[in-house]
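Trainee: Before I ask anything, let me first share the structure, which is written out below as structure tokens.
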Amino acid sequence: MQLPWHLYIMAAVYALAGLNHFRVPKLYLRIMPRYLPAHKTLNYLSGAAEVLLAVALCIPATSSLGAWGIIGLLVAVFPANVYMLTEPKAAMGLPRWALWLRLPLQAVLIVWAWLYT
């Protein structure tokens with residue numbers, strides 16, 4: 001089965017984002033809500049999950065499972081987007097409109113992943 005070329009774009013986006021969790025962990029630690037435990041561990045786990053799910057997207061036998069995993073991951077990290085909006089220290093200097101835009105963007109990313117389930 002031939003996978004669509006745009007699935008590889010999605011996989012590349014998530015692979016790069018996942019690797020960035022290891023390259024610049026402070027960026028992700030800063031946006032984690034305080035109520036979550038073990039921030040460093042969660043950062044590395046979510047980064048590894050993004051990379052593994054990106055690989056799964058590229059394998060025809062696992063691409064659907066990878067897409068469902070991406071959807072789950074996007075839902076799981078949504079509280080970080082809300083935290084960035086509500087906690088000035090987590091906003092990373094982004095304008096308020098961009099922080100608001102991130103919320104519906106998450107739904108767009110979920111729909112994009114859902115296309116491959």
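Trainee: How do the pairs read when you match residues in the stretch 12-31 that are open to solvent by 50 Å² or more (accessible area, probe 1.4 Å) with residues anywhere that are of a type outside the set (K, R), using Cβ under 6 Å and keeping only pairs 6 or more apart or on different chains?
Mentor: Matching pairs, first to second residue: F22/G47; R30/A90.
Trainee: Right, here's the next one. Under 6 Å between Cβ atoms, at least 6 apart or on separate chains: pull out the pairs that start in the stretch 80-95 with a residue that is in contact (Cβ under 8 Å) with a residue 60 or more places away in the chain and end on any residue that is open to solvent by less than 60 Å² (accessible area, probe 1.4 Å).
Mentor: Short answer, once both residue conditions are applied: A90/I31; A90/Y83; A90/M84.
Trainee: Residues to consider are G72, G66, G47; find the one that is modelled with pLDDT of 95 or more and either touching a Gly at 6+ places or on another chain (Cβ under 6 Å) or open to solvent by 80 Å² or more (accessible area, probe 1.4 Å) (or both).
Mentor: G47
Trainee: Using the structure shown, decide if L103 is under 15 Å from the mean Cα position of the chain (by Cα) and surrounded by fewer than 19 Cβ atoms within 10 Å (Cβ to Cβ). If you could, list the steps in order and put the result at the bottom.
Mentor: On the way: under 15 Å from the mean Cα position of the chain (by Cα): yes; surrounded by fewer than 19 Cβ atoms within 10 Å (Cβ to Cβ): yes.
Against the criterion (under 15 Å from the mean Cα position of the chain (by Cα) and surrounded by fewer than 19 Cβ atoms within 10 Å (Cβ to Cβ)), L103 qualifies.
Trainee: Condition first: acidic (D, E) and surrounded by fewer than 18 Cβ atoms within 10 Å (Cβ to Cβ). Can you find one or more residues in the stretch 82-96 that meet it?
Mentor: Residues of the stretch 82-96 acidic (D, E): 87.
When the remaining residues are screened for being surrounded by fewer than 18 Cβ atoms within 10 Å (Cβ to Cβ), the result is 87.
Yes, the stretch 82-96 contains at least one residue that is acidic (D, E) and surrounded by fewer than 18 Cβ atoms within 10 Å (Cβ to Cβ).
The values are calculated or read from the model by the stated rules, or taken from the named source; none is laboratory data. The model shown is predicted, which means the values in this text are computed figures rather than measured ones. Virtual Cβ from ideal backbone geometry, glycine too; neighbours counted across all protein chains shown. The accessibility values were calculated without ligands, DNA or RNA, using every heavy atom of the protein model including side chains. Shrake-Rupley method; radii C 1.70, N 1.55, O 1.52, S 1.80 Å.
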